[in-house]
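Readers should treat all values here as calculations from the given coordinates under stated rules, not as data from a laboratory. In this text the structure is predicted, and so the values were computed from the model without any measurement. Because the Cβ atoms are built from the backbone with ideal geometry, glycine has one as well, and the counts that use them run over all protein chains shown.
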């Protein structure tokens, strides 16, 4: 029985690996198609405009791409702060490498984050899981209302701004209120008691899982952390929109601000949700979706704009990853000394109760 079960699990892992590789190959094909569309003879004039673009516009694209990466790392740093205090530079170095790995299949970005934060910084795996859930919840509380208001009010006027602000504050406030209620030990004990009575595998009822779930609640129940995350994600959407505004202006295909917000949010969400790596899926998906919903713009022009942004961001990630690797010293990580130092630095900065709660780390 156990042999059959082991064979079944190995077969499942093999199928998932094949699906990841197949998805990546399809993504490469989509990327190749976008490049083919961009370099067609009828698009040579727009490509010439790209090459002749003023230096300040090219530098603006590079600068905004750097800001996007820094905001992403700051979101991770702020979300974990209620239960673990890591160095901001450490989180940024890990984040930029993970963002580069997100272009590839096999969930390499996720694996890298988990391994490095666990081995180097001593963050338990289940805490990392709760951390990712908290970040996703804050992202949904920001991106969801802004996209809904943008579809309702397509002109970025005062009503659009008020609607976005009200929607984000309502969603984030409701999430914060629920988490603060669950953060109470007595309420959480009742939730845990109800949870363990549900018909499910025993591993989902373990004390360690419930404890780390409570850490996630503490992250989402910390007002400073949540509102900082909301502010950073809102800024991220603005910067993403700014990149599309600049790239579109370079090829004489100007976007309105509501179109730029929709374009930037679509580009970000497809990249975040792509199951087999961002390569190709993000570029073709964004250009295809925007070609349907944006009137007056064809796929060719959108493909050039998206490829311009993607290429700039990839270049920034490549340079940033080299700097991040030099900072993290992977040779020390492999020897284990970095993990001990990172763990000591983390424990020295956090409350005693949190340190005691992390003794069951893998």
Can you tell me the Rg and the Dmax, both Å, for the Cα atoms in the stretch 84-154?
15.1, 47
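Kirkwood Rh, the stretch 178-242, all Cα pairs: how many Å?
Details: mean 1/r = 0.0730 Å⁻¹.
When all Cα pairs of the stretch 178-242 are included, the Kirkwood radius is 13.7 Å.
Full extension from residue 331 to residue 208: what is 0.36 nm times the residue separation minus their Cα-Cα distance, to one decimal in nm?
Details: separation 123, 0.36 × 123 = 44.28 nm, distance 3.16 nm.
Taking residue 331 through residue 208 to full extension adds about 41.1 nm, to one decimal.
With Kirkwood's inverse mean 1/r over C-alpha pairs for Rh, give me the Rg to Rh ratio of the stretch 188-314, two decimals please. Don't jump to the answer; show the numbers that get you there.
On the way: Rg = 20.7 Å, Rh = 17.4 Å.
A ratio of 1.19.
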Burial ordering of 200, 219, 297, fewest other beta-carbon atoms within 10 Å first:
200, 297, 219
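Please compute the Kirkwood hydrodynamic radius of the stretch 91-214 from all pairs of different C-alpha atoms, in Å with one decimal. Show your work: numbers first, answer last.
Working: mean 1/r = 0.0571 Å⁻¹.
Evaluated over the stretch 91-214, this radius sits at 17.5 Å.
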Need one number: nm distance between label points at residue 319 and residue 200, each 7 Å from Cα along Cα→Cβ, rounded to one decimal.
4.6
For 113, 183, 197, order by how many other beta-carbon atoms lie within 10 Å, fewest first
197, 183, 113
Surface/4 estimate of mean projected area, convex hull on alpha-carbon atoms of the stretch 222-282, nm²
5.2
Just the Cα atoms of the stretch 135-194: what Rg and Dmax do they give in Å?
15.5, 49
